[in-house]
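Below: one structure, written as structure tokens.
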Amino acid sequence: MEFFQQRKSNTSIGEIYFWTATIHKWLPLLDNDSNKQLIVDYLKKLSDEGLITVYGFVIMPNHIHLIWQQNKLNGKETPKGSLLKYMGHMFLCLGSWQKPSIRFYEAGIDERVFKNIFTLLLRD
């Protein structure tokens with residue numbers, strides 16, 4: 001008897017989902033308001049373009065929850081893919097994001113390691 005359903009990470013256009021994106025290793029990169037605002041602004045952009053409908057969201061320090069519907073593709077990629085790519089890119093471009101409260105440099109971790117942490121930044 002199987003108690004747990006196999007996790008499905010694929011989503012379809014036109015369906016409403018409760019969806020979570022977590023930051024790799026649960027780093028609290030969203031603990032400041034300016035980082036959260038970048039996500040809100042991008043969700044608004046996707047919504048204004050008619051690509052998504054957002055019914056609700058919560059942004060936590062290390063993950064986000066969305067109740068949303070992907071309405072159509074954004075070129076060749078899904079809006080989910082666009083959002084994840086945008087967030088990953090923004091974390092890699094550290095000049096655009098406030099550095100997290102984690103003290104990487106004080107712990108003796110150099111910038112190359114810091115950037116490598118973000119290569120697989122978001123996963124769903």
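Read-outs: derived from the displayed coordinates by stated rules, not from any lab. Note that the structure is a prediction, hence the values are computed from the model and not measured.
What to note about this one:
- Over 19 Å apart at the Cα level, from the set Lys36/Lys76; Lys36/Lys85; Lys25/Lys45, are Lys36/Lys76; Lys25/Lys45.
- Extension gain for Ile13 to Asn62 (0.36 nm times residue separation, less C-alpha to C-alpha distance): 15.0 nm.
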